[in-house]
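The block underneath contains the structure these notes are about, expressed in structure tokens.
The values are calculated or read from the model by the stated rules, or taken from the named source; none is laboratory data. These numbers were taken from a predicted model, which means no experiment stands behind them. Cβ placement follows ideal geometry from the backbone for every residue including glycine, while neighbour counts extend to all protein chains displayed. What goes into the accessible areas is simple: the full protein's heavy atoms, side chains included, and nothing from ligands, DNA or RNA. Shrake-Rupley method; radii C 1.70, N 1.55, O 1.52, S 1.80 Å.
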Amino acid sequence: MKLSGKVAVVTGGSRGIGAAIARKLATEGAHAAIFCRSNGAAAESTVRAIREAGGTASLVLVDVADEVAVRSAMRDVASTFGRIDVLVNNAGIFESAPLGQISRQSFQDQFSTNAWSVLATTQAALDHFPSTGGAIVNVSSSLAVRPEPEAVAYSASKAAVDSLTLGCAIELGARSIRVNAVAPAITRTDMTADIPTQQLQDEVRLTPLGRLAEPDDIADVVAFLCSNDARWITGRSILVDGGRV
Ligand SMILES: NC(=O)c1ccc[n+]([C@@H]2O[C@H](COP(=O)([O-])OP(=O)(O)OC[C@H]3O[C@@H](n4cnc5c(N)ncnc54)[C@H](OP(=O)(O)O)[C@@H]3O)[C@@H](O)[C@H]2O)c1
């Protein structure tokens, strides 16, 4: 097991990609502290699945964009489990709208949940990393480097995640805290459940590996980046997209 005894916070770990990440990190021996906003039932079932598989997990209901609540949640995890070794910033929202119809509110909501939260959780976790260092993995998107129509604000918020990843990696290298990102293309979760079938078929056709991603495809790369196998990688945003971009 590559993360034996580690304490890992996974934001948005109740469902979708975050749940797969929490399950994978727990399989590798980490305690998964799942942060999610509201969906208690989905989160409970992820926690139960981890425990039934022999792992350990806990649940915190917290809005990742609320820095005061996030500080308190990180303090609770650190005081219960001793420290924080791994932080996975996965929580995110997607709002689609064509140019001309993007509201300030929608722009702010996406930047707040997708980008500001990365800084809020990272700053809140810093005091709790051991002196030997740790790993942070942010979940970006392939749209950060290849924006699509009707996703301009979301794409820009994920480009901000890539920049935050690099900036934090540079500043935290001296503390042996590595900071990387994964950038998935369309992955089968609640977030993409409403995409029309024709668009999904086009996506498969344009993907060299010839299918859509499953959450586990992303989680395995996140676990690698959290592990000592990735000890010489920091500041990178890695496309995990079946070759789509
Ligand atoms: N699916 C894709 O195709 C795709 C592609 C590229 C990147 N991504 C990124 O991957 C990440 C996960 O996406 P997904 O598809 O798994 O999404 P999802 O199925 O919609 O799940 C989103 C998760 O984020 C949590 N969350 C949202 N806002 C939050 C907030 N303010 N505070 C705390 N938790 C919050 C949700 O918690 P609740 O359950 O409490 O609502 C849920 O656990 C996101 O950052 C997304 O942008 C997804």
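Just one of the listed residues (VAL182, VAL204) is surrounded by 14 or more Cβ atoms within 10 Å (Cβ to Cβ), within 15 Å of the ligand (Cβ to nearest atom) and closer than 24 Å to PHE224 by Cα, namely VAL182. Run down LEU99, LEU87, LEU119 and say which single residue is open to solvent by 10 Å² or more (accessible area, probe 1.4 Å) and either within 29 Å of GLY5 (Cβ to Cβ) or touching a Leu at 6+ places or on another chain (Cβ under 8 Å) (or both). Unique residue meeting the criteria: LEU119. All of ASP229, ASP216, ASP194, ASP220 fail the test of being assigned to a helix (DSSP H, G or I) and closer than 25 Å to GLU95 by Cα, apart from ASP216.
Applying the selection to region 45-70, what residues are more than 14 Å from the ligand (Cβ to nearest atom), of a type outside the set (D, E, K, R) and either surrounded by 19 or more Cβ atoms within 10 Å (Cβ to Cβ) or part of a helix (DSSP H, G or I) (or both)?
From region 45-70, those more than 14 Å from the ligand (Cβ to nearest atom) are 48-56, 58; that's our starting set.
Those still in the list that are of a type outside the set (D, E, K, R) too: 49-50, 53-56, 58.
Selection gives ALA49, ILE50, GLY55.
Across region 125-141, the qualifying residues are those that are outside any loop (DSSP other than H, G, I, E, B) and crowded, with 22+ Cβ neighbours inside 10 Å, and the one among them that is farthest from the ligand (Cβ to nearest atom) is GLY134. The combined condition, being away from the ligand (no atom under 11 Å from the Cβ) and not in a loop (DSSP other than H, G, I, E, B), is not fulfilled by ARG83. Taking the stated definitions as given, is VAL77 of a type outside the set (Asp, Glu), crowded, with 18+ Cβ neighbours inside 10 Å and within 14 Å of the ligand (Cβ to nearest atom)? In short, no. GLN101 meets the stated requirement of being modelled with pLDDT of 95 or more, part of a loop (DSSP other than H, G, I, E, B) and either more than 11 Å from the ligand (Cβ to nearest atom) or aliphatic (A, V, I, L, M) (or both).
The residue list ILE102, ILE50 contains one member that is over 20 Å from ASN138 (Cα atoms), in contact with a strand residue (DSSP E or B) (Cβ under 8 Å, 6 or more places away or on another chain) and in contact (Cβ under 8 Å) with a residue 12 or more places away in the chain, which is ILE50.
Examine region 157-173 for a residue that is open to solvent by 20 Å² or more (accessible area, probe 1.4 Å) and basic (Lys, Arg), and state whether such a residue exists. No. Taking the criterion of being touching a Ser or Thr at 6+ places or on another chain (Cβ under 8 Å) and in contact (Cβ under 8 Å) with a residue 60 or more places away in the chain, the residues of region 117-134 that qualify are SER117, THR121.
Scanning region 107-116 for residues that are in contact (Cβ under 8 Å) with a residue 40 or more places away in the chain, within 14 Å of the ligand (Cβ to nearest atom) and either farther than 18 Å from GLY167 by Cα or surrounded by fewer than 22 Cβ atoms within 10 Å (Cβ to Cβ) (or both) turns up GLN110, PHE111, SER112, THR113, TRP116.
Number of residues in region 1-44 that are open to solvent by 40 Å² or more (accessible area, probe 1.4 Å), modelled with pLDDT of 95 or more and either of a type outside the set (D, E, K, R) or assigned to a strand (DSSP E or B) (or both): the value is 4.
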